[in-house]
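A quick write-up on the structure given underneath.
The values are calculated or read from the model by the stated rules, or taken from the named source; none is laboratory data. Just so you know, these numbers come straight off a predicted model, no measurement behind them. Cβ coordinates were reconstructed from backbone atoms using ideal geometry, including for glycine residues, and neighbour counts include every protein chain displayed. We work out accessible area using only protein heavy atoms, side chains counted, and drop any ligands, DNA or RNA first. Shrake-Rupley method; radii C 1.70, N 1.55, O 1.52, S 1.80 Å.
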Amino acid sequence: KEDVKKMHVISGELYSSIEPFIKLPEKKTEVDTNRYKKNFPPFPPRMTIKQAGILPKPLVVEINFADSAEFEKLRGIGPSLASRIVKYRNRLGGFQNVEQLKEIFGIRPGLVDSISERLAVDTNRIKKINVNTCTVEQLKAHPYLKWSVANAIVAYREKHANYLFTIEIMKTDLVNDSLYRKIAPYLTINE
């Protein structure tokens with residue numbers, strides 16, 4: 001009853017008039033709070049998004065197949081650079097490894113290093129040049145070969161017969177070991 005008396009909206013006169021009608025127990029009774037609780041399972045321990053396995057997989061670009069739009073999705077590569085990558089890849093015949101991207105004008109070595117984990121190389125897509133049937137023009141179109149080297153390779157073949165192995169192009173005076181290792185993935189003797 002004392003709690004009703006403390007209410008601000010009930011004046012002393014009003015309380016005196018309604019007090020005989022208030023029937024409340026004088027002692028506080030303990031309320032059973034457990035009867036309102038439901039048995040929910042305990043909360044799982046907090047996990048990060050990565051631990052929960054709900055992160056999207058990072059974009060992986062296959063550099064011997066991707067178009068300019070796919071390259072642009074990579075951080076640090078805009079439309080101009082993406083276009084240069086595709087053009088160089090077409091001239092090269094495909095990339096042997098990711099490091100070859102550093103040969104493209106405008107690509108900083110740090111950029112290639114920062115995105116290398118998001119790049120893949122399918123060397124089966126490399127277009128090969130047949131050293132037994134190619135022309136000087138076809139060879140010199142490759143970025144690793146100058147006209148003089150292409151001319152020497154074709155002239156040697158015409159003078160001595162077809163190559164049995166691609167390494168035989170080193171018999172020309174202009175193809176050294178370093179150049180051969182660079183160009184070898186792009187050469188074949190098979191049709």
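The accessible-area ordering, largest first, of the residues 142, 160 stands as 160, 142, per a 1.4 angstrom probe.
Counting only heavy atoms of the protein chains and using a 1.4 Å probe, residue 125 has close to 110 Å² of accessible surface. For residue 184 and residue 137, the FRET efficiency from 1/(1 + (r/R0)^6), where r spans their Cβ atoms and R0 equals 25 Å, is about 0.75.
Report, to one decimal in Å, the Kirkwood hydrodynamic radius for region 142-191 based on all distinct Cα pairs. Could you put the intermediate results ahead of the total?
Numbers: mean 1/r = 0.0904 Å⁻¹.
When all Cα pairs of region 142-191 are included, the Kirkwood radius is 11.1 Å.
Counting only protein chain heavy atoms and rolling a 1.4 Å probe, the accessible areas of 7, 170 rank, largest first, as 7, 170. Computed with every protein chain present, the accessible area of residue 65 is close to 130 Å² [probe 1.4 Å].
With every protein chain in place and a 1.4 angstrom probe, the accessible-area ranking of 135, 188, largest first, reads 135, 188. Straightening the chain between residue 144 and residue 158 buys 2.9 nm, computed as 0.36 nm per residue apart minus the Cα-Cα spacing.
Any of 102/159; 87/159; 73/102 with alpha carbons more than 28 Å apart? Name them for me. List each step's numbers first, then the result.
Working: 102/159 37 Å; 87/159 34 Å; 73/102 18 Å.
Too far apart for the 28 Å limit: 102/159; 87/159.
Using only the C-alpha atoms, the convex hull of region 82-182 corresponds to 111 Å³ per residue.
In this structure the amide hydrogen of residue 62, modeled in the peptide plane, comes within under 5 Å of the amide hydrogens of 120, none closer than 5 places in sequence on its chain.
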